[in-house]
1. Just to be sure I understand, how many residues within the range 218-244 are small (Gly, Ala, Ser), farther than 15 Å from Met258 by Cα and touching a helix residue (DSSP H, G or I) at 6+ places or on another chain (Cβ under 8 Å)?
2. Please determine, by comparing only the residues of the range 87-107 that are touching a residue at least 40 places away in the same chain (Cβ under 8 Å) and crowded, with 16+ Cβ neighbours inside 10 Å, which one is nearest to Glu161 (Cα to Cα).
3. In the range 11-31, what count of residues is obtained for those that are exposed (fewer than 14 other Cβ atoms within 10 Å of the Cβ) and modelled with pLDDT of 95 or more?
4. Please list, ordered by residue number, the strands (runs of 3 or more DSSP E) wholly in the range 1-71 having 2 or more residues that are more than 20 Å from Leu181 (Cα to Cα) and free of Cβ contacts under 8 Å to residues at least 60 places away in the same chain.
5. Would you please name the residue that is nearest to the chain's Cα centre (by Cα), looking only at residues in the range 93-141 that are of a type in the set (Phe, Trp, Tyr) and either within 16 Å of Gly82 (Cβ to Cβ) or outside any helix (DSSP H, G or I) (or both)?
6. I need the full set of residues from the range 146-170 which are over 18 Å from Leu37 (Cα atoms), modelled with pLDDT under 70 and either part of a helix (DSSP H, G or I) or hydrophobic (A, V, I, L, M, F, W, C) (or both), in order please.
7. Quick check on Leu83: is it closer than 20 Å to Arg184 by Cα, buried (at least 17 other Cβ atoms within 10 Å of the Cβ) and either in contact (Cβ under 8 Å) with a residue 60 or more places away in the chain or aliphatic (A, V, I, L, M) (or both)?
8. Consider Met174 against the criteria (1) in a helix (DSSP H, G or I); (2) touching a helix residue (DSSP H, G or I) at 6+ places or on another chain (Cβ under 9 Å); (3) touching a residue at least 40 places away in the same chain (Cβ under 8 Å): it satisfies all of them except one. Which criterion is unmet?
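The values are calculated or read from the model by the stated rules, or taken from the named source; none is laboratory data. Everything quoted here is computed from the prediction, not taken from an experiment. No Cβ is skipped: glycine too gets one built from the backbone with ideal geometry, and neighbour counts run over all protein chains shown.
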Amino acid sequence: MTEIILDIKGLTKVYSGGTRALDGVDLAIRKGEIFALLGPNGAGKTTLIGSVCGLVRPTSGTITAFGHDLAKDWRSARARIGLVPQELSTDMFETVERAVAYSRGLFGHSPDKARIEEILRSLSLWEKRSSQIRELSGGMKRRVLIAKALAHEPDLLFLDEPTAGVDVELRKGMWDQIAALRERGTTIILTTHYIEEAELMADRVGIIRSGRILMVDDKAEIMQRMGTTEAVIALSQRVTKLPASIAAFPVSLSEDGMQLTYRGGDGSGTGSEEVAALTKALVAAGIDYRGIDIHDSSLEDIFVDLLSQEEAA
């Protein structure tokens, strides 16, 4: 049985103005996984992270990390948790090496130059160790935040929009670094606006909106259960009515009769198989076509559809 290292039950946060940032959140995080928490701005992602990391005091509910109730024994658990915040909040006049070493000392760890060097090298920061943080690029500053969070060797690492404002090339490099962290046994909770990050890296995905968890599941299960295939078929001649053999498929005909759109299947590939059967049925019915554009749902498609359904409900 997979060990649960973070168990959140009934977590609610209501701010003094009446804003309900979290609304009865239940969430269990497994040891060694990468968990992606997705949601629009204001969904409660940062408030949830802040509640676990001691930056926000929940209104109600419980948080248990590594067997410790954070309301009663937060020091023991907090020493095993790292946070890479969304905002670049650090002393810009401090050098890279000193800033990272200071973060290690904050959690009671003895100085360890070899470990600091290892972290800086893994993040391609070693050559910048003597530079002041203010002299670095935005991507380098983001890496310093990760280095500071890793300095005390946490077992659970929160990454709140870790690649925000980072260019595509650096973003891909950071994905490799995050994957390497997981290989070393670090459990990672990731929030991101770049849903392709979640699709590429996450083992499980949670979707949050208006402070409520809408869904938590293995990424592969979500893709299979909610994914669909869309095929747009450009017809060679105008069709006014579909024969029964074609209408039996989940298809729609455009108003001008020149385009047939298929939507069906699931994330396991059944859609592609059905599209192949559809093209054979078109040929058998004497309907010629000049092109097919096939698109399988991405995690982003599923995410957008789910939020749209929630808005309409």
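1. Pass one, the range 218-244, residues small (Gly, Ala, Ser): 220, 227, 231, 234, 236, 244.
Add one more test, that the residue is farther than 15 Å from Met258 by Cα, and what stays is 220, 227, 244.
Next, only the ones that are touching a helix residue (DSSP H, G or I) at 6+ places or on another chain (Cβ under 8 Å) stay: 227.
Number satisfying all stated conditions: 1.
2. Thr90
3. Here is the first cut: in the range 11-31, the residues exposed (fewer than 14 other Cβ atoms within 10 Å of the Cβ) are 15-19, 26.
Cutting the leftovers down to modelled with pLDDT of 95 or more gives us 26.
Selection size over the range 11-31: 1.
4. Values: elements: 4-14, 20-30, 34-38, 60-65.
In the range 1-71, the matching strands (runs of 3 or more DSSP E) lie at 4-14, 60-65.
5. Taking the range 93-141 first, the residues of a type in the set (Phe, Trp, Tyr) are 93, 102, 107, 126.
With either within 16 Å of Gly82 (Cβ to Cβ) or outside any helix (DSSP H, G or I) (or both) added as a condition, the list becomes 93, 102, 107.
Working: Phe93: 32, Tyr102: 29, Phe107: 28 Å.
Ranking the candidates gives Phe107 first.
6. Val166, Val168, Glu169, Leu170 - these are the residues of the range 146-170 that are over 18 Å from Leu37 (Cα atoms), modelled with pLDDT under 70 and either part of a helix (DSSP H, G or I) or hydrophobic (A, V, I, L, M, F, W, C) (or both).
7. On the way: closer than 20 Å to Arg184 by Cα: yes; buried (at least 17 other Cβ atoms within 10 Å of the Cβ): yes; either in contact (Cβ under 8 Å) with a residue 60 or more places away in the chain or aliphatic (A, V, I, L, M) (or both): yes.
Yes, satisfied.
8. (3)
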